[in-house]
Amino acid sequence: MIFVIFPAWNEERVIRRTLLELAEAMAGRPEPCRAILVDDGSTDRTVAEAERAVAASGGALALTVLRHPVNRGLGAGLRTGIYTCLDQAGDDDVIVTLDADATHPPAMIPELVGKVREGWDLAIASRYRRGSEVRGVPGYRRALSDVGRLVFQAMFPIPGVRDYTCCFRAFRVPLLRRARLAYGEALCTSRGFEAVMDLLLKLRPLGVRAIEVPLVLDYGARVGHSKMKVLRTVRTTLALLLRRFAERFGPHSRRAVEARIAAAERAGAPGPGGGTARATGGAG
């Protein structure tokens, strides 16, 4: 099974199209796929438009809707989606995360999943590999991303990783199970876009084996404006980096993380990740 998580907040204008692109990308493939829409307190018709996509797919699109009554931020959306999938997944399944705003092409999912099937713990759609392209992004945003990448690699080197902030990733289930044991509800706590980077930093002490696949990122294809507040994101990201760097020698050291995993395994598996769920669409 492939679980595809879409954290979403007020994406009524684009979620139907995004889910139909997922259905098209996975059509005819032998492995079943289920979309997991984490509606993070939307006040628009995000869920209704997602259910329209199920109807338009003729039932081919399997969809589970998880709802936060209020907006809790991207970190909580990712955690709810990941932990709900872990409650259902087998160790041979794959969990994919990506943006819900049509900037990440679902057609890349089979390639990312293929890398995980080859034995990698994590496959990332990267803007920093040969063959990648970035279109429609303002120059200052690209410059910030480029500088950020160098800082991340210097402070938190992970073999095989150059893109620390792209949410388009495929994970082996056992990797995320160990992360859940190590961090519990603290796996993703940031509200903003820095949550994507923080998830990767939390996986680093687990010895994650990662590979990247070149991404063609076309912001010209998105509908509406980005929700990212650039200055706020820079400020919160820098604060998070400094905090996580200090924690490398304490609670986020490899020894401390492995000790928490061992203690959690002795105590038994953790419970559900939270959120109310409704499943619709095809089998899976």
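Summary table below
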quantity	calculated
Cβ pairs under 8 Å, 6+ apart, first in the stretch 1-18 and under 19 Å from ILE82 (Cα atoms) and open to solvent by 50 Å² or more (accessible area, probe 1.4 Å), second outside any helix (DSSP H, G or I) and of a type in the set (Ser, Thr, Tyr)	TRP9/SER42
Failed condition for THR233, given (1) in a helix (DSSP H, G or I); (2) among the β-branched types (Val, Ile, Thr); (3) at pLDDT 95 or above	(3)
Some residue of the stretch 149-165 being under 24 Å from LEU238 (Cα atoms), out of contact with any Phe, Trp or Tyr (no Cβ under 9 Å at 6 or more places or on another chain) and small (Gly, Ala, Ser)	yes
SER126 touching a Ser or Thr at 6+ places or on another chain (Cβ under 7 Å), of a type in the set (S, T, N, Q) and surrounded by fewer than 19 Cβ atoms within 10 Å (Cβ to Cβ)	no
Any pair with Cβ under 7 angstrom, 6 or more apart, that starts in the stretch 68-84 at a residue that is touching a residue at least 60 places away in the same chain (Cβ under 8 Å) and ends at one that is part of a strand (DSSP E or B) and of a type in the set (Gly, Ala, Ser)	THR84/ALA277
Residue list for the stretch 237-260, filter: within 29 Å of LEU144 (Cα to Cα) and not in a loop (DSSP other than H, G, I, E, B)	THR237, LEU238, ALA239, LEU240, LEU241, LEU242, ARG243, ARG244, PHE245, ALA246, GLU247
Residue count, the stretch 1-36 (criterion: part of a strand (DSSP E or B), closer than 18 Å to ASP93 by Cα and not β-branched (Val, Ile, Thr))	5
Enumeration of residues in the stretch 65-116 that are farther than 24 Å from LEU181 by Cβ, in a helix (DSSP H, G or I) and among the small types (Gly, Ala, Ser)	ALA107, GLY114
Filter result (under 17 Å from ARG79 (Cβ atoms), open to solvent by 50 Å² or more (accessible area, probe 1.4 Å), part of a helix (DSSP H, G or I) and among the basic types (Lys, Arg)) within the stretch 143-199	ARG177, ARG178
Residues satisfying the stated conditions in the stretch 242-275, i.e. hydrophobic (A, V, I, L, M, F, W, C) and modelled with pLDDT under 90	PHE249, ALA267, ALA269
Test: residue in the stretch 200-213 that is in a helix (DSSP H, G or I), under 22 Å from ARG243 (Cα atoms) and touching a His at 6+ places or on another chain (Cβ under 7 Å)	yes
The stretch 37-64 - residue that is β-branched (Val, Ile, Thr) and in a helix (DSSP H, G or I) and, of those, nearest to LEU20 (Cα to Cα)	VAL54
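The values are calculated or read from the model by the stated rules, or taken from the named source; none is laboratory data. As the structure is a computational prediction, the values presented were derived from the model and not from experiment. Please note: Cβ atoms are built from the backbone with ideal geometry, for glycine as well, and neighbour counts cover all protein chains shown. Calculation scope for accessible area: heavy atoms of the full protein, side chains included, ligands and nucleic acids excluded. Shrake-Rupley method; radii C 1.70, N 1.55, O 1.52, S 1.80 Å.
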